[in-house]
Amino acid sequence: MATLSAPARTEPAEAKKAAPKRGTDTPFKRRLPLLPALLFVVAVTQLPFVLTVFYSFQSWNLVRPGSRHFVGLQNYIDVFADSTFLGALLNTVVLTVVCVFFSLLLGLGLAILLDRKFLGRGVVRTLLITPFLILPAAGALLWKTTMFDPTYGLLHFVFGTDVDWLSEFPLAAVMAQVVWQWTPFMMLLILAGLQSQPKDVLEAASVDGAGRWRTFTAITLPHLSRFLQLATLLGAIYIVNSFDAIFLMTQGGPGTASTNLPFYIYQRAFQGFDVGQSSAMGVIVVILTMIVATFALRLMFRTFSVQGGAK
């Protein structure tokens, strides 16, 4: 007895036409809509940097028309031989390290307090975040006029002294304002780390009889290590480029006591009109910032497993 075979299934011609062809959806076509944004970013960031590198190899002072000529690496040699530049570099390192350390320490303390439940916690969180939401220029003017004024400032009212803080302690005054500005940023990052702790581990530690300090040092602090590193690196990237506070509070003075690299570049470019050396300084600062940013990005990828946990 012969078996009857089922007729072969035939798809309609319309379905065949509608089926997409394999290999047509290439990675280039998927990324093509991003091309205008990429071109815009290159135009507004990379082209100016290329021009800055080009100008850094030339001797060009705007007050001497016709003096522009190619000098090679002489601008870079002069920059590293400039004692004011080296002093500004030292001030930048001190400002960055001190501000990041105290911002991180205060942010850790505030985050631990805000991680607990208490009446009005939402209002307190909002008030503590406020300094980070204020424009840096407005914050610098606020501290200059209401805190450090030798006659009407709050410090004069509290301590009863006529100390001109911005003249006698210029770098410390700038550090205080920067720490006040960036502590909420550190607090938010650390608070996110605290709230991501597994509660069952904390409950198990409490059942085992571990005290608060033991739980913090053995469980909470290791869990926060990546968040602390991330906050340190991101804070360093932003604080190393501080300009508003120094420009509005001390003008880099007295002398060069509070001058950092961004402000010194501004002085050389817009007050000394030296395009060549200011461009060389800008290239050096960009390179140093890129080194820090590279470590920050690697830490971010490793922390949040952006690349599937690849280091």
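Annotations for the structure displayed:
- A single entry from 194, 113 fulfils the requirement of being of a type in the set (A, V, I, L, M) and free of Cβ contacts under 8 Å to residues at least 40 places away in the same chain: 113.
- Set 275, 283: member being touching a strand residue (DSSP E or B) at 6+ places or on another chain (Cβ under 8 Å), surrounded by fewer than 21 Cβ atoms within 10 Å (Cβ to Cβ) and either closer than 27 Å to residue 136 by Cβ or modelled with pLDDT of 90 or more (or both): 275
- Condition met for residue 144 (of a type in the set (Lys, Arg) and within 30 Å of residue 237 (Cβ to Cβ)): yes
- Under the condition of being closer than 18 Å to residue 248 by Cα and surrounded by fewer than 10 Cβ atoms within 10 Å (Cβ to Cβ), the residues counted in segment 115-132 number 0.
- Residue that is at pLDDT 85 or above, exposed (fewer than 10 other Cβ atoms within 10 Å of the Cβ) and either of a type in the set (Gly, Ala, Ser) or touching a helix residue (DSSP H, G or I) at 6+ places or on another chain (Cβ under 6 Å) (or both), where the choices are 37, 18, 13: 37
- Residues (out of contact with any Leu (no Cβ under 8 Å at 6 or more places or on another chain) and outside any loop (DSSP other than H, G, I, E, B)) located in segment 251-273: 262, 263, 264, 265, 266, 267, 268, 269, 270, 271
- Helices (runs of 4 or more DSSP H) contained in segment 119-202 and holding at least 3 residues within 24 Å of residue 259 (Cα to Cα): 136-146, 165-168, 170-195
The values are calculated or read from the model by the stated rules, or taken from the named source; none is laboratory data. Note that the structure is predicted; figures quoted are calculated from it, not measured. FYI the Cβ positions are ideal-geometry reconstructions off the backbone, even for glycines, and counts take in every protein chain you see.
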